[in-house]
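**Q** Here's a structure for you.
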Amino acid sequence: MDPILSEVYSTVLPAAPYVLAAYVGILLTLFAFVFSLWRKSKRTQADIEALERALEQRERKADE
């Protein structure tokens with residue numbers, strides 16, 4: 001094997017688990033962030049629907 005390649009591999013390969021762990025950590029953080037945004041959007045959608053129903057009821061009472 002080429003001595004330069006063997007030096008590069010000896011430097012890179014020991015760090016591979018840390019790089020992999022960093023990518024897994026980033027992906028888990030991204031997943032948690034997207035999941036929290038999804039839950040908040042569902043909650044916001046439910047609030048909007050409740051407001052729409054309340055507005056419709058108020059308009060019906062005003063028409064009577």
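**Q** Confirm whether Y18 is loosely packed, with under 10 Cβ neighbours inside 10 Å and among the aromatic types (F, W, Y).
**A** yes
**Q** Report whether or not S6 is polar (S, T, N, Q), surrounded by 10 or more Cβ atoms within 10 Å (Cβ to Cβ) and more than 18 Å from the chain's Cα centre (by Cα).
**A** Yes.
The numbers here are math on the coordinates, done by the rules we state, and not lab data. Here the structure is a predicted model, which is why all the values come from computation and not from measurement. All Cβ positions, even for glycine, are placed from backbone atoms using ideal geometry, and neighbour counts span all protein chains on display.
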